[in-house]
Amino acid sequence: MTAFRRTLKSAADLADAGLIGRERVAQIAGVETRYAVAATPAMAALIDGADDTIARQFIPDPRELDRHPAERDDPIGDALKSPVPGVVHRYPDRALLKLTAVCPVYCRFCFRRETVGPGKATALTDAELANALAYVHAHPEIWEVILTGGDPLILSPRRIAEVTGALAAIPHVKILRWHTRVPVVAPERVTEELVEALSSSAKTVYVALHTNHARELTDLARMACARIIDSGIAMVSQTVLLRGVNDDADTLEALMRALVEMRVKPYYLHHGDLAPGTAHFRTTIAKGQELMRTLRARLSGLALPTYVLDIPGAHGKVPVGPQYLSTAADGYTVQDAHGEAHTYEDCCAGPQPMTAIL
Ligand code: SF4
């Protein structure tokens, strides 16, 4: 494995590092003008000609300039639900606080690719942060604050501690959830100081790790997660279903098992959002359902994420199957994990309205 000393931030950097051929630099010049490029030393070291599961996530591809008519600059409608800069309030009991538009890596399939990276707004200013916190303060229905970006763990521990402290002082906020790729893509940033900045004696803190392949879970990444969890912070994971990266059952199974072994609960498997130039990464929903059906037959519930679609237009996230239950004349037909159908008589004591929710 080659050791890299700095983040590779351009096609020329990738070529100089020997990760792409010189002829590719011209091919992807238009892409790097349009979308940010960054591969950290930890990820660059995993790029291997024999296995492109990591390369596909970080090396630009000319197909990123092919825009499908269904794709949108703001695929999940953040802007439609943003009452003040930095806040997205899509569901009553939770709000996103987008602290920064900078990431340690730039994923080629990013759903916020039009708003992250150099040349975009960077971090919230002090005044914007104060205004965003005032919004959270003024909305007692907000029980959970999801710290996101960009990647908020790229901020300094001092800034993170300020945010933790400010949210800890809002009585109705009970849960702080930090969404990040840092423990995997830049595990060296997960220092004792960072973990201390995330910790709060007043609130329950979660870290949601974005990871897409078990190869990302290096020894250093595992140590970074262990440091977070050992401090009392719970971890969950989110994975994007990506064609050519993890769209097979064996790969997803290996990832989910590894996460549970690391004490990270698999939380979401996201169907790819309709971000511009990402059609080559998306599978069909039917393919995702088939994979989930296979995973359910192989894995314990502890290792199963929920397969979700973020409905374009800011309508929120919903599970998208597969379905195991269908109505039948005398109750329900329910399939077991192996696809065998069984009848189920829905009986209970006393009268009940017969409203099936399928
Ligand atoms: S780390 Fe997240 S926000 Fe940043 S580029 Fe990757 S997917 Fe997008």
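How big is the charge dipole of segment 265-306 about its Cα centre, in debye rounded to the nearest 20, if each Lys and Arg gets +1 on its Cβ and each Asp and Glu gets -1 on its Cβ?
Working: 6 positive and 2 negative charges, 37 e Å.
Dipole magnitude for segment 265-306 comes out near 180 debye.
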- Note on the structure: With the convex hull built on the alpha-carbon atoms of segment 260-321, volume per residue in Å³ sits at 105 Å³
- Task: Calculate the radius of gyration of the Cα atoms of segment 104-145 to one decimal place, then report Dmax, the largest Cα-Cα distance, as a whole number, both in Å.
- Result: 14.1, 37
- Query: Under a plain spin-label model, where a point goes 7 Å from the Cα along Cα-to-Cβ, how far apart in nm are GLU192 and MET223?
  - Reply: 1.4 nm
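Quick one: compute a quarter of the convex hull surface over the Cα atoms of the chain and quote it in nm².
Details: hull surface 81.8 nm².
Here the figure is 20.4 nm², rounded to one decimal.
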- Message: Under the rule of at least 5 residues apart or a separate chain, name every residue whose amide H is placed under 5 Å from the amide H of LEU147.
- Response: LEU97, ARG177, TRP178, HIS179
- Query: Can you give the Rg to Rh ratio for segment 7-61, taking only C-alpha atoms and Rh from Kirkwood?
  - Reply: 0.92
- What nm value, rounded to one decimal, do you get for the distance between HIS342 and THR122 when each label is placed 7 Å out toward the C-beta? 5.9 nm
- When a footprinting reagent is the concern and you count Cβ atoms within 10 Å, what order do MET262, MET1 take, fewest first? MET1, MET262
- Note on the structure: Farthest towards the positive end of the dipole of the chain, among GLY117, PRO92, MET256 and with Cβ unit charges of +1 on Lys and Arg and -1 on Asp and Glu, lies the Cα of GLY117
- Cα-based Kirkwood hydrodynamic radius, segment 43-134, one decimal, Å: 15.5 Å
- Item | segment 317-332 and segment 229-301: distance between their alpha carbon centers, rounded to Å | 22 Å
- Message: Could you tell me the relative contact order of the chain? Use alpha-carbon pairs under 8 Å, at least six residues apart, and round to a whole percent.
- Response: 15 percent
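Run the dipole for the chain about the Cα centre, Lys and Arg Cβ at +1, Asp and Glu Cβ at -1, nothing else charged, and hand back the magnitude in debye, nearest 20.
It works out to roughly 620 debye.
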- Query: Computed on alpha carbon atoms, what radius of gyration and Dmax characterise segment 211-358, expressed in Å?
  - Reply: 18.2, 57
- Query: What share of Cα pairs, in percent, lie more than 13 angstrom apart in segment 19-92?
  - Reply: 75 percent
- Compute the distribution of all C-alpha to C-alpha distances in segment 170-253, in bins of 5 Å from 0, and list the percent of pairs in each, rounded to whole numbers. 3, 14, 24, 22, 15, 11, 7, 3, 1, 0
- Note on the structure: Placing one equal point scatterer on each C-alpha of segment 136-208 and summing with Debye, one gets log10 I(q)/I(0) at q = 0.11, 0.13, 0.15, 0.23 Å⁻¹ equal to -0.25, -0.35, -0.46, -1.03
- Item | Residues ILE59, ILE76, sorted so that the one with the fewest Cβ neighbours within 10 Å comes first | ILE59, ILE76
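Throughout, read-outs are computed from the coordinates displayed, never taken from laboratory work. Treat the numbers as computed from the prediction; the structure is a model and nothing was measured. Every residue, glycine among them, receives a Cβ derived from its backbone with ideal geometry; neighbour counts consider all protein chains shown.
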